[in-house]
Amino acid sequence: MDRLKLVLQYFQSNSESISNGICIILALVSVKVYTSFDFNCPCLPQYNKLYSLGVMIVPPIILFFLGVLVNRHTGVMIEERMRPIGNRSKNPAVVKYLFSAMIQRALLAPMVWILVTLLDGKIFICAFSVSVDPALFSGLPNNTGLDVIKIMAKVPCKEDSIFRNSSFRKAVSRYVRCYSQAVGWSILLFLIVLVAMGRLIKPYFDDHATSLQTRYWSNYLDVEQKLFEETCVLHARDFARKCVVQFFEDMREDAVLRLPQPLFLRNSREEWEDKEEERLHGVSKQEQVDQLLNKWYHSKPELDVTRMAHRPRTCVTWEDREGRTLYSDV
C-alpha cells in the first residue's frame, strides 16, 4: 500500500509525470484491447492483406491522437505558439521541446500495439500467408478443387474443413510467425539502440546550459498556466459569492431588526471580507474581468519580478522624546 502511495505521489508531483503516467496507461490499455480483440481473418485472397494492415495501422493512429489529446504539453505548446507576442518574447526552442516531448509520449502506445501484433504473429499470418511458397512444405491439400492461392489464403482459418488434422497449415503458420516475431524483435532492438545512441550522442551536440534553460522555461509555462487557472477558479468563486450575497441582500425587506453584533463575530467577518477582497484584487465588474483576461492573452506580463521583490513596506521605529532610536524593524 505504501508503494502504491509513493507511485501516486510521483505521478501527481508535476504535469510531466502525469503525462508519463497517462501514456503508460494508454500503452497498457492497448495491450489489453489487443488481447481481448477477437481477430478473425477473412481467409480471402483479396481481403486478407487489406484487413490485416487495417488492424495493424488504424488502432495505432487512434492511440497516437489519443496520446496527443491527453498530453498536457499539447495545450501548452499550442498556446505558446499561437499567442501574440505582447510584453513577452517567444522562444522557438521551448516550442520545439514541448513538441518533441508530446510526440515521444504519444508514440508510446502505438509502438506497443505494433510490437504486440508482430510478436503475436496472427495478423502477419493473415496478411502474408498467400506470399509463402507452398513447395517448401509437404501435405498441401490438393484434392479440394481450389487453386493454390485460395488454399494459402485459408491457412489462418484453422477451423476450415480442408485443414483438419493437417500439418501443412501448422508448418506454414509457424514459418510466417517466425518472420513476424523476427521483425518485431528487430524493431524493438532498433528503438532501444536508437534511444541509447541519442542519449549518448546528444550531450556532444547540445549545449547543456541551453538545454537547462529550455527545460526550465517549458516547465515554467506549464506551471504558470496551472496557477493562472487555479487563480481564476478562486476569483470566480469569490466573485460569484459576492454576486449571490448581494442579490439576496437586495431582496431583503426594509424592516430589519438590527442588534449589536458581538465583537468576535465582527472581527471574524471583517477578516473574512478582507481576505475575499484581497483575492478579488479590486476586479469587481464583468467588464473589468473581460478586460483583464483579454490583457492576459494579448500581452502576458514580462518575466521580471524585481518590482515585487522591492515592493515598499511599512517599517516601525520607536524613538524617545529626544529622537533617539530605541527599536526599529528595518
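Descriptive notes on the structure:
- Filtering segment 108-151 to residues that are among the hydroxyl-bearing types (Ser, Thr, Tyr) and crowded, with 17+ Cβ neighbours inside 10 Å leaves THR117, SER129.
- Residue tally, condition within 27 Å of LEU221 (Cα to Cα) and modelled with pLDDT of 65 or more, over segment 288-326: 20
- Checklist (1) surrounded by 15 or more Cβ atoms within 10 Å (Cβ to Cβ); (2) touching a residue at least 24 places away in the same chain (Cβ under 8 Å); (3) not aromatic (Phe, Trp, Tyr) applied to VAL95, failing item: (2)
- Count - residues of segment 30-82 that are polar (S, T, N, Q) and part of a helix (DSSP H, G or I): 6
- Residue within segment 165-179 that is aromatic (Phe, Trp, Tyr), open to solvent by 90 Å² or more (accessible area, probe 1.4 Å) and either closer than 30 Å to ARG105 by Cβ or touching a residue at least 40 places away in the same chain (Cβ under 8 Å) (or both) present: yes
The values are calculated or read from the model by the stated rules, or taken from the named source; none is laboratory data. Note that this is a predicted model, so its numbers are computed, not measured. Cβ coordinates were reconstructed from backbone atoms using ideal geometry, including for glycine residues, and neighbour counts include every protein chain displayed. Ligands, DNA and RNA are stripped out before the accessible areas are found, and what is left, the full protein with its side chains, is counted by its heavy atoms. Shrake-Rupley method; radii C 1.70, N 1.55, O 1.52, S 1.80 Å.
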